[in-house]
Amino acid sequence: MRAAHTQFNIRAIQSSWQAFDAMAHLRPIHDEESYDRMMALMNSLLDATGDDEDHPLSGLLDLVGDMVSKYEQEHHAIEPAEPKDALRFLMDTRGLKQEDLSAVVPQSNLSAILAGKRKISATLAGKLGKFFGISPAIFVPS
């Protein structure tokens, strides 16, 4: 299949680009300073576009979002937590004690899970996901 040949008005692009570049300085992200600048641009674009996928700036938001995501994956990657550690974190951040989850999992089973002596079953992962209002995948080992 042959690629279509498109003619571009480079002078018009250059004029528009210079005005845009003076404001946004859109470049690949190589350091934290440019990451912070692109995050600020992305947040401003999100404020402007809202949920409107047909907004005139939605293409620019996609581009900036992809750049930010790529940088984050390379420089800010978060290692997945063990399911028991994720459960303990959720309990701690919400101020929950083991007995607070008694309707979801028997306390003896929960103690064994938190101690690493028992795995979280798929059924229990579903119940925990519903209880915490998150994806059950958090509780499934990777």
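The values are calculated or read from the model by the stated rules, or taken from the named source; none is laboratory data. As the structure is a prediction and not an experimental result, all values here were calculated from the model. Neighbour counts are summed over all protein chains in view; Cβ atoms, including those assigned to glycine, are modelled from backbone coordinates with ideal geometry.
State all residues of region 72-112 that are under 17 Å from the mean Cα position of the chain (by Cα) and either closer than 20 Å to Ser135 by Cα or free of Cβ contacts under 8 Å to residues at least 40 places away in the same chain (or both); if no residue qualifies, say none. Even if it seems obvious, please write down each step before you answer.
To start, the set of residues in region 72-112 that are under 17 Å from the mean Cα position of the chain (by Cα) comprises 72-81, 86.
Scanning region 72-112 gives Glu72, Gln73, Glu74, His76, Ala77, Ile78, Glu79, Pro80, Ala81, Ala86.
Of the helices (runs of 4 or more DSSP H) lying entirely inside region 1-96, the ones with 3 or more residues being of a type in the set (D, E, K, R) are found at 32-49, 58-75, 83-93. Among the residues of region 72-80, none qualifies, meaning not one is surrounded by 14 or more Cβ atoms within 10 Å (Cβ to Cβ), of a type outside the set (D, E, K, R) and out of contact with any Gly (no Cβ under 8 Å at 6 or more places or on another chain). Screening Val68 with (1) of a type in the set (Val, Ile, Thr); (2) in contact (Cβ under 8 Å) with a residue 12 or more places away in the chain; (3) within 30 Å of Lys117 (Cα to Cα) gives one miss only, at (3). So, Ile113, is that one outside the structural domain of Pro28 (by TED's automatic domain parsing), assigned to a helix (DSSP H, G or I) and either of a type in the set (Phe, Trp, Tyr) or surrounded by 12 or more Cβ atoms within 10 Å (Cβ to Cβ) (or both) or not? It is true that Ile113 is outside the structural domain of Pro28 (by TED's automatic domain parsing), assigned to a helix (DSSP H, G or I) and either of a type in the set (Phe, Trp, Tyr) or surrounded by 12 or more Cβ atoms within 10 Å (Cβ to Cβ) (or both).
Selection of region 6-49 for residues being of a type in the set (Ser, Thr, Tyr), surrounded by 11 or more Cβ atoms within 10 Å (Cβ to Cβ) and modelled with pLDDT under 90 yields only Thr49.
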